[in-house]
Amino acid sequence: GLPPLPRTAWLEIDLDALGSNFRTVRRLAGAGVPVHPVVKADAYGHGAVPVARALEAAGADGFCVAAYDEAVALRDGGIRSPILVLYPVPAAWAADAARRRIAVTAGELDLLDALLAVAAARRSRNALRIQLEVETGLGRGGFSPDELLAAARRIGTTRAARLDGLWTHLQAPEDADGTAAQLRRFETATANLLVAVVRLPPRHVAATGAIVQDAVAAYDGVRPGLSIYGLLPDELHGALTPAV
């Protein structure tokens, strides 16, 4: 009953299987741990809006994307759950992000200052939600433990913004020693922050590679990517029996 496609190749998605994968991830993450699936790159080519709708219906607590336009597409597609953009967002979009209730990430002070300036100048009814990335060893970006306190204080003194979360990304979750070292750095950084704020915002670390292994570092949420689509990271193939 569907119109003919202009091509002979397509991808058919079983949304029931997607929901089953999500429920498996939730079980692995642990009771009461929020699950925020990653739907970047058009949900890894599966169709971001229909996938997010299905996951929202299955109980997803929010979503993560890579770029700001991906977050806008979800909002325009009717997704109401929290959305976090994991990579830097041009400061010009700060007011729009506040209006749409899209959380953005900051990992260096110049960008953070620019985001705060735009949010303050074009103040929305909603505070701009900012999550701080912590550099723990991945080498891709984020605040050092020494910078994190200064970043949090900048947000705390701006009425148009709020500190919405703290996160880091594990370089190689299958490397137990390396992961333990990253988690120690994350703990140290956030412990220092606790001295200056009344309450820590939600913290999240674990993506698929950490979720499917024992002793998940769940903190206040997890960010499953590949596992939602029934896949494992390449480095884990042969080391684990797929859980989804």
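The values are calculated or read from the model by the stated rules, or taken from the named source; none is laboratory data. On a predicted model such as this, the values are computed, not experimentally measured, just so you know. Positions of Cβ are generated from backbone atoms using ideal geometry, with glycine treated the same way; all protein chains shown enter the neighbour counts. When the accessible area is computed, the model is the full protein with side chains, heavy atoms only, and any ligands, DNA or RNA have been set aside. Shrake-Rupley method; radii C 1.70, N 1.55, O 1.52, S 1.80 Å.
Below is a table of values for the structure above.
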{"item": "Percent accessible area from carbon and sulfur atoms, the chain, protein chains only, probe 1.4 Å", "result": "52"}
{"item": "By accessible area with a 1.4 Å probe, ligands and nucleic acids excluded, highest first: order of S144, S81", "result": "S144, S81"}
{"item": "Label point distance in nm, Q171-D220, each placed 7 Å from Cα along Cα→Cβ", "result": "2.7"}
{"item": "Cα shape, the range 37-112, gyration tensor, a/c 1.5 rule", "result": "prolate"}
{"item": "Using θ = phi - 60° and Karplus 6.51 cos²θ - 1.76 cosθ + 1.60, couplings along the range 201-210 (whole Hz; Gly, Pro as x)", "result": "x, x, 10, 8, 9, 7, 9, 3, x, 8"}
{"item": "In order through the range 49-59: 3J(HN,Hα) via Karplus (6.51 cos²θ - 1.76 cosθ + 1.60), integer Hz, x for Gly, Pro", "result": "5, x, 5, 5, 4, 5, 6, 4, 5, 7, x"}
{"item": "Under-5 Å amide H pairs with V38, H placed in peptide plane, nonlocal only", "result": "C64, G225"}
{"item": "FRET efficiency estimate (nearest 0.05) - Cβ-Cβ, I13 to L149, R0 30 angstrom", "result": "0.10"}
{"item": "Solvent-accessible area per residue for the chain (1.4 angstrom probe, square angstrom)", "result": "50"}
{"item": "Spacing of the two label points (7 Å from each Cα toward its C-beta) at E187 and S124, in nm", "result": "3.6"}
{"item": "The range 176-197 and the range 133-154: distance between their alpha carbon centers, rounded to Å", "result": "11"}
{"item": "Karplus 3J(HN,Hα) series, Hz, for the range 90-107 with 6.51 cos²θ - 1.76 cosθ + 1.60 (x for Gly, Pro)", "result": "x, 4, 4, 8, 4, 5, 5, 4, 4, 4, 8, 6, 9, 7, 10, 9, 10, x"}
{"item": "Probe 1.4 Å - accessible area at L194, Å² to nearest ten", "result": "90"}
